[in-house]
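Okay, structure first, notes after.
The values are calculated or read from the model by the stated rules, or taken from the named source; none is laboratory data. Everything quoted here is computed from the prediction, not taken from an experiment. Every residue, glycine among them, receives a Cβ derived from its backbone with ideal geometry; neighbour counts consider all protein chains shown. We work out accessible area using only protein heavy atoms, side chains counted, and drop any ligands, DNA or RNA first. Shrake-Rupley method; radii C 1.70, N 1.55, O 1.52, S 1.80 Å.
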Amino acid sequence: MITCVCVRVFLSSRRLSLSVLCRCWRRHSRRLIIIGVNVNEYKENENIAYTSLRPIQITTRRKAAKVYLYPFSLSNPKLGLFKLSKSPVENKSSSEMVQKKTDQKKTCRRVLTSKMKALSSKAESCLLKPALDSHTESSELEHKSISDPVTPSVDMESSDEDSAPGPDDFSGLSPYERKRMKNIRENANFFASLQLAESAARLRGMIKKNQPPESKRKRPKKKENEVGCRRSMRLLKVDPLGVSLPASLTQPTLVEEETPMIPPGPLEMIPENQDDCSELFKASLKTWAEMSQTSNEKTKKGLSSIKSYKASLSGMVVSEATIRKVTKGAISSVAIHPSGVRTLVAAGSKSGQVGLWDLTQQSEDGAYAFCPHSQPVSCLSFSPTNPAHLLSLSYDGTVRCGDFSTAVFEEVYRNERNSLSSFDFLDDASTLLVGHWSGHLSLVDRRTPGTSYEKFINSSLEKIRTVHVHPLSRQYFITAGLRDVHVYDVRCLKSGKSQPLISLTEHSKSIASAYFSPVTGNRVVTTCADCKLRVFDSSSLSSQFPLVSTIRHNTITGRWLTRFQAVWDPKQEDCFTVGSMAHPRRVEVFHETGKNVHSFGGECLVSVCSLSVMHPTRYILAGGNCSGRLHVFMHQET
């Protein structure tokens, strides 16, 4: 709590020079500031509990001074009025003060410093007044102290002025609030006398009247004879000769190029890469027909050891002489004639061509290209009973048989509604099992006249990519769908939705192929887009196939390369070949356990061979790339 005591000194003499001193001290965490007049010695009584309003007579240098002490509080309004002495005047003043409102508003502490400075300056001015004025003021002060109650104030002169009755008497407010309201009233009257609102309105009207109009940019006028900017005659639709063009020009409509369908019926074997049917080609057809009769006799041999098998594979190389461009488009299927005398390789392309390359002929005319289909040829195979027949399947919905003896491509099956994906031979070469991209299966008998199917079956797969028949139990076949591999029994197929005997659901992405091992059918190899090659044990067809091994292999070929397909080696049914994306380019051979047996490569192999196939009896491997070239790995003749 801060307590301020104002000391006013009235001197009886005019000529007296005194010094104004300020003393401040703290006692019991209270601040007491006394502004007073000290001439020689002045000692305050620190133990006074009540402050008296009676003047204190102090004689200094034979001069008498009257000192009046007025206590008030600026920090704590809840303390109420200060206690005064028990004089009659004090009792009367205290009784009147109780009737008034005791709650007072707080005053900021920063007012104290400015008010104390004002008090000190006023005290000095009071000391410099003449003695006569001092006596007069002291008498007035005594009169007012008796008539009016003592209230806390910062300046006694201001309090005297505020306590005086007036027309607007704020009896319920403190002196500070009364003075504040008085100032507000005086300021309001002063600003009202200035008539600022009327002056501002008058000035706004003057500004609006004197404001110049907005200046708009004047556009220059065009001269009649002025030469304008040069413009295109095409945009003005004016012919260079000055003749106006028609308002609307007919734009040519874009027509999608559709490959025309090959007309139904047999087609002659006429090579497209040769102008005329030379005598060399006729001789080649005759030779292929004769060697097909001798190659019909199969010689079965047991499996060789891995060591001898690797040694045989290491002698197979590729050279510039064994690389030839056979078709125009990318190769989508490859097959090797089973002859043991001559080397004849067939390749089907995405453009619908079927190419034949006889490596025995050293001349450049050894490769022939035919066009029996209008869409990609996805499956090629020589007939197991008559190798002179080359069967081809295409997306255009046709299956044709190229007969070397008659030089004709006969139409075996035709279905323009559904696109075909793959086929395989059933009991004998006369019955075909054809798979459709729509998930259907067709049984086709070549002995029946016409090009229709014998039975149309709806499988449980949405799509069928490959179809392969078991080598021993010919009634079972395996199909590769989108993400599942199913095994069916031909005897249980129905026209409705047929349920599979066994389902392999270990694949997480799209499947490219699924094949039984060529001799016993005890293994199944699948190629999946999840970069894994899986080998299953299919020795028991009555139960689920257990997984034998999983081989990590990059099978992501992209858009422009043909998808990889792992196929078994007919000579060594525990090993299979597959293309590779690794550098340097190669064709890899894996064992069923997952071990890498051999990698075919060389300086001449500079592209990816997506598809590959092994000769059934000889150590010959043929691979095709996306540019229509065949790469043949074989032993070099000495």
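Worth pointing out:
- Considering segment 397-421, and only residues there that are open to solvent by 10 Å² or more (accessible area, probe 1.4 Å) and more than 24 Å from Leu285 (Cα to Cα), the residue that is nearest to the chain's Cα centre (by Cα) turns out to be Ser419.
- Single residue of segment 310-330 satisfying the filter (closer than 14 Å to Leu621 by Cβ and assigned to a strand (DSSP E or B)) that is least open to solvent (accessible area, probe 1.4 Å): Ile323
- Condition met for Trp560 (touching a Pro at 6+ places or on another chain (Cβ under 7 Å), in contact (Cβ under 8 Å) with a residue 40 or more places away in the chain and either of a type in the set (A, V, I, L, M, F, W, C) or open to solvent by less than 20 Å² (accessible area, probe 1.4 Å) (or both)): no
- Residue check for Ser513: closer than 18 Å to Cys626 by Cβ and touching an Asp or Glu at 6+ places or on another chain (Cβ under 6 Å): no
- Ser430 satisfies every condition listed in (1) small (Gly, Ala, Ser); (2) touching a Lys or Arg at 6+ places or on another chain (Cβ under 7 Å); (3) under 26 Å from Ser539 (Cβ atoms) except (3).
- Among the numbered conditions (1) touching a Gly at 6+ places or on another chain (Cβ under 9 Å); (2) buried (at least 19 other Cβ atoms within 10 Å of the Cβ); (3) among the small types (Gly, Ala, Ser), the only one that Ser460 does not meet is (2).
Here's the yes/no breakdown for (1) within 21 Å of Arg414 (Cα to Cα); (2) in contact (Cβ under 8 Å) with a residue 40 or more places away in the chain:
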{"site": "Arg447", "(1), (2)": "yes, no"}
{"site": "Leu461", "(1), (2)": "no, no"}
{"site": "Tyr476", "(1), (2)": "no, yes"}
{"site": "Gly481", "(1), (2)": "no, yes"}
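- Among the residues of segment 544-557, those that are touching a residue at least 12 places away in the same chain (Cβ under 8 Å) and open to solvent by 50 Å² or more (accessible area, probe 1.4 Å) comprise Gln544, Leu547, Val548, Thr550, Arg552, Asn554, Ile556.
- Condition met for Gln565 (modelled with pLDDT of 95 or more, under 24 Å from Ser381 (Cα atoms), buried (at least 22 other Cβ atoms within 10 Å of the Cβ) and polar (S, T, N, Q)): yes
- Selection status of Gln375, surrounded by fewer than 24 Cβ atoms within 10 Å (Cβ to Cβ), over 21 Å from Leu561 (Cβ atoms) and either at pLDDT 90 or above or not aromatic (Phe, Trp, Tyr) (or both): no
- In a residue-by-residue description of segment 406-415, the property of being in contact with a His (Cβ under 6 Å, 6 or more places away or on another chain) and of a type outside the set (A, V, I, L, M) applies to no position.
- Evaluation of Pro449 against (1) exposed (fewer than 15 other Cβ atoms within 10 Å of the Cβ); (2) assigned to a strand (DSSP E or B) (one fails), failing number: (2)
Here's the yes/no breakdown for (1) open to solvent by less than 10 Å² (accessible area, probe 1.4 Å); (2) in a strand (DSSP E or B); (3) of a type in the set (Ser, Thr, Tyr):
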{"site": "Ile464", "(1), (2), (3)": "yes, no, no"}
{"site": "Ser495", "(1), (2), (3)": "no, no, yes"}
{"site": "Gln499", "(1), (2), (3)": "no, no, no"}
{"site": "Glu506", "(1), (2), (3)": "no, no, no"}
{"site": "Pro518", "(1), (2), (3)": "no, no, no"}
{"site": "Phe536", "(1), (2), (3)": "yes, yes, no"}
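- Residues of segment 602-619 that turn out to be within 25 Å of Pro338 (Cα to Cα) and either touching a Phe, Trp or Tyr at 6+ places or on another chain (Cβ under 7 Å) or surrounded by fewer than 19 Cβ atoms within 10 Å (Cβ to Cβ) (or both), as a count: 4
- Breaking point among (1) open to solvent by 40 Å² or more (accessible area, probe 1.4 Å); (2) acidic (Asp, Glu); (3) within 23 Å of Val334 (Cβ to Cβ), for Asp484: (3)
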